[in-house]
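Accompanying notes for the structure given below.
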Amino acid sequence: MGYVRADVYSSKKPGRPTVRPFTVALLMLRAKELSLSFDELEIVTIGDILDMTIERLNDQEEWDYIATQADIDKLMR
């Protein structure tokens with residue numbers, strides 16, 4: 001198996017990057033964290049599990065406010 005950078009999952013977190021082997025145990029841990037069933041594991045790929053893990057972690061981040069069209073219209077007046 002290849003290696004996955006551990007800091008991929010926390011883009012805003014400062015610290016030194018670490019590298020750890022990506023094993024079946026780590027994949028199953030990520031799948032369990034996402035509450036995937038064995039039936040769902042048959043139809044998803046490793047990439048899908050990693051993408052869902054990253055998205056789950058992104059949901060916990062505080063994001064800047066995105067301006068709406070009304071906000072832009074107020075600036076143009």
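Where a number appears in this text, it was derived from the coordinates with a stated rule and is not lab data. Predicted, not measured: the structure shown is a model, and the values here were computed from it. Using ideal geometry, Cβ is built from the backbone for each residue, glycine included, and neighbour counts are taken over all protein chains shown.
I66 to E42: extension gain in nm, 0.36 nm per residue of separation minus the Cα-Cα distance?
Using 0.36 nm per residue and subtracting the Cα-Cα distance, I get 4.9 nm.
Of the listed peptides 37-49, 62-74, 20-32, what is their order by residue-averaged count of other C-beta atoms within 10 Å, with the highest listed first?
Final packing ranking: 20-32, 37-49, 62-74.
Residues with beta-carbon under 15 Å from that of A25, excluding A25: net charge, scoring Lys, Arg +1 and Asp, Glu -1?
Result for the local shell: +2.
Using label points projected 7 Å from each Cα along Cα→Cβ, tell me how many nm separate V24 and M76, to one decimal.
Distance between label points: 5.9 nm.
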